[in-house]
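The values are calculated or read from the model by the stated rules, or taken from the named source; none is laboratory data. As the structure is a prediction and not an experimental result, all values here were calculated from the model. A quick note on method: Cβ atoms are made from the backbone with ideal geometry, for glycine too, and the neighbour counts reach across all protein chains shown.
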Amino acid sequence: MSDKIINAQKNNNMLDIQEIYEDIRGRIYEARRRIYKHIDNSATEINWYVGKIASELLGDNKRADYGKQIIEALSKKLQAEFGSGFAPVSIRRMRRFYDYFPIWSAVPTELTWSHFQELIPITRKEERDFYMQECIKSNWGYRELRRQIGTKLYDRLLISQDENYVLDMSKEGLIVNKPEDILKAPYIFEFAGLKQDKSYLESDLQKALLSHLSEFLLELGRGFYYGGEKERLRIGDEYYYPDLVFYNRLAKCFVIIDLKMNKLTHGDIGQMQMYVNYFKQTKMLEWENEPIGILLCASKNDTMVEMTLGDNKNIYTASYLTYLPTKEELITVIEDEKERIESIKNLKDEAN
């Protein structure tokens, strides 16, 4: 920017005040971001160190009671000078943090202490590592991380995957080897603001999802891009309107989504097949994967779906919830979905 100012002065040109303002403004925000990041990392390092001290005090079972007394006394002194962030319960959390990361250099600097407070309660290492990696790659804030943990994203993604995939996910976050790897079950749209016990139309759900597009994209997963307003497809002499059309950069394919309020019918599946064929023939590039269609429905007849779909690998069905279930309800839904997929696999194996 300074070179532009010098050149403008030499040539007696008018200076663009807005451009100068935007340049300074950008530098201020970048400087603040670095300062805040430095503060966050410093706070995380302090908490790691306190956790290290607590772990050493409580590590020997013979001295555990004495260690607890020391921590209680230490907590009072720290709280008196630095506030409630050093309450005994907080120090215990710091100790667990240290137990997870006994080497400071292994702590991801991309995450803040607020992120780690969401991750620390997760006891399964592979699950904790998955959220940590996905949080870094998707650039989630701690509130977004909290929602993904609360809606059990890890378990919803792993319903139909094998153990090797689970291990890879814990190391790298979401892995997309094939388009169906972007799917989850169920999808949760509590952010749309639709009441569980009230009737609404498919257009109401569509409008509500698009009104909360950032939350909707977060729920769909990493790599999704929205194509804009409702796309009109001309097929023959008629026009058709898929509910939602996305592109997924990781899966390298178009994703067509139709929303269904009632039970899925074979006509819904046939229409989606037409959409997929249309995008394959008119939109797909040579290097891209074939488009996939997802029918999101409140309920479906699994037998009818399987009989209609057969070996079709481009169309998928998934359930959705318009409310945030309790942890127990969500676990039940996920377990039911696992049983459903296992039953379908068994039926296919018997048929073959």
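Structure above, values below:
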read-out	value
From the options L119, L78, L111, residue that is within 16 Å of Y49 (Cα to Cα) and not β-branched (V, I, T)	L78
Residue list for the range 263-282, restricted to those being of a type in the set (S, T, N, Q) and either part of a helix (DSSP H, G or I) or in contact with an Asp or Glu (Cβ under 9 Å, 6 or more places away or on another chain) (or both)	Q271, Q273, N277, Q281, T282
Scan of the range 193-205 for residues that are over 27 Å from R340 (Cα atoms) and in a helix (DSSP H, G or I), ordered by number	S203, D204
Extreme residue, modelled with the lowest pLDDT, among residues of the range 224-238 that are touching a helix residue (DSSP H, G or I) at 6+ places or on another chain (Cβ under 7 Å) and surrounded by 14 or more Cβ atoms within 10 Å (Cβ to Cβ)	L233
Residue within the range 181-192 that is assigned to a strand (DSSP E or B), over 23 Å from T332 (Cα atoms) and in the same structural domain as I269 (by TED's automatic domain parsing) present	no
Identity of the residue in the range 104-137, part of a helix (DSSP H, G or I) and charged (D, E, K, R), that ends up surrounded by the fewest Cβ atoms within 10 Å (Cβ to Cβ)	K125
Condition check for R156: within 16 Å of the chain's Cα centre (by Cα), surrounded by fewer than 15 Cβ atoms within 10 Å (Cβ to Cβ) and either part of a helix (DSSP H, G or I) or at pLDDT below 85 (or both)	no
